[in-house]
Amino acid sequence: MTAPPGRRPRSDAPWDLSFLRVGALCAAAATVVAAPVTGLVAGWPDAVGVLVGAAIVTAFFCLSGVVVAWAGRVDDTFTLPAALGTFFVKAVVLFGILNALPADGWLDRRTLAFAVVAGALLWSGVQLRWVWTRKLYYVPPPAPPAATPPAAPAIAPEKPATRG
């Protein structure tokens with residue numbers, strides 16, 4: 001692998017986004033439990049807040065994962081600016097969403113905010129576990145084994161094979 005002059009060679013290792021599926025499943029499971037319980041205890045506008053909060057957090061984490069992976073495919077040095085820029089945009093969007101909701105509307109803003117915080121903590125835990133349990137290579141990973149089985153050794157024509 002050769003790099004242009006003045007640049008380091010880049011790894012060809014793919015960016016793994018498998019944590020997005022696990023995070024979405026964990027968020028869905030938590031939402032399936034939390035929304036009805038919240039609806040029965042605090043009211044149905046609060047349950048809607050839980051549902052909307054879970055959807056916002058899931059969308060934001062998926063967006064961040066895709067943007068950072070895309071930036072990493074372009075060049076590894078773009079991942080931090082992409083992550084910080086995406087975080088800033090998401091914070092502005094969340095602020096706009098929370099401010100656009102009426103105080104006495106169909107959705108409880110405080111429950112939505114708590115759901116966003118709880119969802120962000122859940123997703124962060126999923127990402128931490130995902131990173132801690134992955135095999136990370138500090139050098140280029142070994143080549144995968146050959147897909148074809150090794151050829152059988154040829155029998156010399158001057159020596160007949162013995163039977164029995």
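Here is how the numbers come out for the structure above:
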read-out	value
Residue in segment 73-83 that is modelled with pLDDT under 90, within 24 Å of ALA30 (Cβ to Cβ) and surrounded by 10 or more Cβ atoms within 10 Å (Cβ to Cβ) present	no
Meets criteria (outside any helix (DSSP H, G or I) and either on the phi > 0 side of the Ramachandran plot or of a type in the set (D, E, K, R) (or both)) for ASP46	no
Counted residues, segment 95-135 - those being in contact (Cβ under 8 Å) with a residue 12 or more places away in the chain and open to solvent by 80 Å² or more (accessible area, probe 1.4 Å)	5
Members of segment 50-64 found to be closer than 23 Å to PRO81 by Cβ and surrounded by fewer than 21 Cβ atoms within 10 Å (Cβ to Cβ), listed by number	ALA59, CYS62, LEU63, SER64
Residue, nearest to the chain's Cα centre (by Cα), within segment 32-48, restricted to residues that are under 30 Å from VAL131 (Cα atoms) and free of Cβ contacts under 8 Å to residues at least 40 places away in the same chain	VAL32
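Residue-wise test of (1) in contact with a Gly (Cβ under 9 Å, 6 or more places away or on another chain); (2) aliphatic (A, V, I, L, M).
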| site | (1), (2) |
| --- | --- |
| CYS26 | yes, no |
| ALA34 | no, yes |
| LEU40 | no, yes |
| ALA54 | yes, yes |
| PHE61 | yes, no |
| ALA69 | no, yes |
| ASP75 | no, no |
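The values are calculated or read from the model by the stated rules, or taken from the named source; none is laboratory data. This structure is a prediction, so every number in the text was calculated from the model and none was measured. Every residue, glycine among them, receives a Cβ derived from its backbone with ideal geometry; neighbour counts consider all protein chains shown. For the accessible areas, the whole protein counts, side chains as well, though only heavy atoms, and no ligand, DNA or RNA atoms are used. Shrake-Rupley method; radii C 1.70, N 1.55, O 1.52, S 1.80 Å.
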